[in-house]
Amino acid sequence: MIILPSLDETIVSKMSMEEICEALGAVTVPRKEHRYGDRRGEFIGEVDTAGFKVVSNISYRNSFLPIIQGSVRAEGSRSVITIKMRMHWFVSVFSAIWLGFVTLFMLAGVLMLVVESDFSLLCGSGGMMLFGQLLIRGGFYIPAKKALKRMKELFGE
């Protein structure tokens, strides 16, 4: 989606499916055992041979933190890990509504610019759009890139 961030990645590893699950499971704390502020584990979530669904274990609040879902399949002597990173569905819906309203105000600002030569609404809504996109994308992509780098290290790419 263009408006909201997402990240899809495929990692090819020489490790077996069981070794991949073991490596990721070793640095993942199950959601039931995790409490806010608990620094154990690099990830929080569930890992099994069918796939995984985790989030990075961070020491601060971030609503835009990506949910990392993945599946592992064997291809010959290698394993292929397919990773999809998305925001939580509620945050995605809220962000889409927020940016939708800002877009309406930007269109109204363009109309005001044409009719009355007034830049105020266009500048204000343009600033809100820029702020919203920087906030959402920064909150998503910075932890997503760190998590992806760590997963590549774990899976021995």
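None of the figures in this text is laboratory data; all of them are computed from the coordinates on show. Model, not experiment: these values are computed from the prediction. Backbone-built Cβ (ideal geometry, glycine too); neighbour counts: all protein chains shown.
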Screening ILE81, ILE68, ILE44 for residues that are touching a residue at least 40 places away in the same chain (Cβ under 8 Å), surrounded by 15 or more Cβ atoms within 10 Å (Cβ to Cβ) and more than 25 Å from LEU134 (Cβ to Cβ) leaves only ILE81
Evaluation of ARG73 against (1) part of a helix (DSSP H, G or I); (2) loosely packed, with under 12 Cβ neighbours inside 10 Å (one fails), failing number | (1)
So how many residues does the stretch 101-119 have that are part of a helix (DSSP H, G or I), in contact with a helix residue (DSSP H, G or I) (Cβ under 8 Å, 6 or more places away or on another chain) and of a type outside the set (Phe, Trp, Tyr)?
-> 8
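Which is closer than 24 Å to TYR141 by Cα and under 17 Å from the mean Cα position of the chain (by Cα), of LEU24, LEU99, LEU4? Outline the logic, then answer.
Numbers: LEU24 fails: under 17 Å from the mean Cα position of the chain (by Cα); LEU99 fails: under 17 Å from the mean Cα position of the chain (by Cα).
Sole residue among the options that is closer than 24 Å to TYR141 by Cα and under 17 Å from the mean Cα position of the chain (by Cα): LEU4.
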